[in-house]
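Read through the structure below, which is laid out as structure tokens, and then see the notes.
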């Protein structure tokens with residue numbers, strides 16, 4: 001069951017990131033904050049939990065940058081968040 005939980009969350013996070021990229025900055029920040037608060041299942045395998053928590057960290061950094069209209073690191077943070085979500089998803093699918 002925990003593998004299914006992580007798989008669903010990883011797919012959801014990847015989908016939300018794609019949707020958020022097409023949204024205005026404020027909406028994107030709210031969407032990304034939503035996935036940044038979705039913690040791993042308590043019984044998750046440690047290696048998957050680490051990837052999930054790393055993705056959460058990337059999501060939080062991106063959401064923070066999106067809330068600051070002067071932050072110019074947003075592009076690299078989008079890439080970091082997308083890469084973290086992809087790595088997490090790949091790990092739970094494999």
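Where in the chain are there helices (runs of 4 or more DSSP H), lying wholly inside it, with at least 3 residues that are within 10 Å of the chain's Cα centre (by Cα) and in contact (Cβ under 8 Å) with a residue 40 or more places away in the chain?
Helices (runs of 4 or more DSSP H) meeting the threshold: 2-21, 46-67, 74-93.
Among 27, 82, which is over 18 Å from residue 11 (Cα atoms) and surrounded by 13 or more Cβ atoms within 10 Å (Cβ to Cβ)?
27
Would you point out the residue of the stretch 66-79, among those that are farther than 18 Å from residue 18 by Cβ and in contact with a helix residue (DSSP H, G or I) (Cβ under 8 Å, 6 or more places away or on another chain), that is surrounded by the fewest Cβ atoms within 10 Å (Cβ to Cβ)?
69
Just so you know, all these numbers are worked out from the coordinates, no wet-lab data involved. Please read all numbers here as calculations on a predicted model, not as lab measurements. All Cβ positions, glycine included, derive from the backbone under ideal geometry; neighbour counts span all protein chains shown.
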